[in-house]
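Can you read through this structure? Questions will come right after.
Read the figures in this text as sums done on the coordinates, not as results from a lab. Just so it is clear, the model here is predicted, and its values are computed rather than measured. No Cβ is skipped: glycine too gets one built from the backbone with ideal geometry, and neighbour counts run over all protein chains shown.
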Amino acid sequence: HAKEEGRNTYQFFSEEMNSRVSERLSMETGLRHALARNEFLLHYQPRVNTTTGRIVGVEALIRWQQPQKGLILPDAFIPLAEETGLIIPIGEWVLRNTCTQARAWQEAGFAQMRISVNISCRQFTHDNLPDTIRGILRETGLQPSCLELEITESVIMLNPERAISLLNELKEMGISIAIDDFGTGYSSLSLLKRLPADILKIDKSFVSGIPGNKSDETLVATIINLGHNMGLGLVAEGVERQEQLHFLEERNCQEVQGYYFSKPLPAETLQPLLKNGTYPAAAGRQQPTDAR
Ligand code: C2E
Ligand code: MG
Ligand code: MG
Ligand code: MG
């Protein structure tokens with residue numbers, strides 16, 4: 001009896017493992033060809049100034065249009081791209097396309113729009129990130145001051161000394177640096193003081209609890225104060241409701257991002273919003289009109 005059960009358990013796990021392994025393999029194969037087959041695309045989510053209601057920038061977020069499975073979100077394939085090293089060419093594709101799009105928007109008259117790009121661990125630690133970016137800026141003609149890189153605390157913590165010198169090099173090129181998902185990592189205040197960062201992005205897991213959840217309220221307020229005291233800009237991500245926006249506005253969080261204003265959208269869909277450029281909801285505390 002026991003023997004049979006044991007065997008069944010073994011078979012169960014082995015089948016599950018088999019299907020997981022083959023799932024991974026097929027995803028890896030797909031990922032290897034995705035660039036050449038032009039299956040990646042970028043969506044852009046506006047970042048809004050809470051005082052003026054103006055769109056001050058956009059964050060580029062990658063998607064994978066997989067022929068069989070449809071649209072795949074980054075959390076489902078970026079980790080595998082990291083493991084396989086494919087993130088290097090994919091990340092370069094993201095940077096090139098984003099800078100090209102930003103330049104096109106500038107030429108269409110949306111001046112001074114800042115564009116931010118997420119940089120993963122392996123990309124950040126790869127030898128020639130600064131050279132790659134220098135080349136892409138030259139190629140696309142985008143001013144470095146319009147480009148912002150988003151890096152998480154955990155990536156910085158892997159090798160803080162190296163991260164600081166790399167960030168310094170990028171800053172010297174005129175690029176801005178944002179610390180993404182701030183509050184979820186373990187960077188110390190003494191390290192933060194030495195980081196050449198411009199912006200803290202408050203993680204959406206804290207924003208989701210405001211107002212109401214006392215510990216989230218305290219955390220968000222503390223991060224905002226920290227940013228203000230250290231001369232850093234603040235962006236709250238994952239703003240979905242008006243009450244969240246009010247909480248952030250009242251504490252002088254300068255910029256917000258989230259579904260309350262807009263989901264990440266294809267460039268063509270976002271363009272009319274850029275033309276208008278303002279969300280009355282942020283400045284005047286009314287419902288957003290065409291943006292939801
Ligand atoms: P992230 O950089 O922290 O991006 C914020 C995520 O929150 C995005 O998910 C965005 O669509 C989502 N979001 C925005 N507003 C709201 C909201 O109001 N409510 C909720 N619940 N979610 C909101 P997405 O696009 O699935 O991206 C997930 C993560 O994948 C990103 O987190 C980023 O770490 C990574 N990622 C995205 N694009 C790239 C890329 O081009 N390169 C690299 N290396 N990583 C990327
Ligand atoms: Mg980000
Ligand atoms: Mg984030
Ligand atoms: Mg995140």
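D127 fails exactly one of the following numbered conditions: (1) part of a loop (DSSP other than H, G, I, E, B); (2) among the charged types (D, E, K, R); (3) within 27 Å of Q271 (Cβ to Cβ). What is the number of that condition?
(3)
Among the listed residues I72, I115, I88, I55, which satisfies the condition of being within 18 Å of the chain's Cα centre (by Cα) and over 25 Å from Q143 (Cα atoms)?
Exactly one residue qualifies, and that residue is I72.
So, one more: Please find, among L142, L170, L149, the residue that is within 16 Å of ligand 3 (Cβ to nearest atom) and out of contact with any Ser or Thr (no Cβ under 6 Å at 6 or more places or on another chain).
Matching residue, one of L142, L170, L149: L149.
Out of I199, I179, I175, I210, I need the residue that is under 14 Å from G238 (Cβ atoms) and buried (at least 20 other Cβ atoms within 10 Å of the Cβ). Which one?
I210
For segment 215-259, enumerate the residues that are more than 16 Å from ligand 2 (Cβ to nearest atom) and under 13 Å from S205 (Cβ atoms).
Result: S215, D216, L219, V220, E240, Q244.
The rows are residues; the columns are (1) among the polar types (S, T, N, Q); (2) on the phi > 0 side of the Ramachandran plot; (3) within 16 Å of ligand 2 (Cβ to nearest atom).
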position: W105; (1), (2), (3): no, no, no
position: F110; (1), (2), (3): no, no, no
position: Q123; (1), (2), (3): yes, no, yes
position: P130; (1), (2), (3): no, no, no
position: G135; (1), (2), (3): no, no, no
position: I156; (1), (2), (3): no, no, yes
position: L166; (1), (2), (3): no, no, no
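Select from segment 223-242 the residues that are surrounded by 14 or more Cβ atoms within 10 Å (Cβ to Cβ) and either within 14 Å of D181 (Cβ to Cβ) or among the polar types (S, T, N, Q) (or both) and list them in ascending order.
Once the filter is applied, which keeps residues that are surrounded by 14 or more Cβ atoms within 10 Å (Cβ to Cβ) and either within 14 Å of D181 (Cβ to Cβ) or among the polar types (S, T, N, Q) (or both), segment 223-242 yields I223, L234, V235, A236, E237, G238, Q242.
For segment 182-196, enumerate the residues that are basic (K, R) and either within 15 Å of ligand 1 (Cβ to nearest atom) or surrounded by 20 or more Cβ atoms within 10 Å (Cβ to Cβ) (or both).
Across segment 182-196, there are no qualifying residues.
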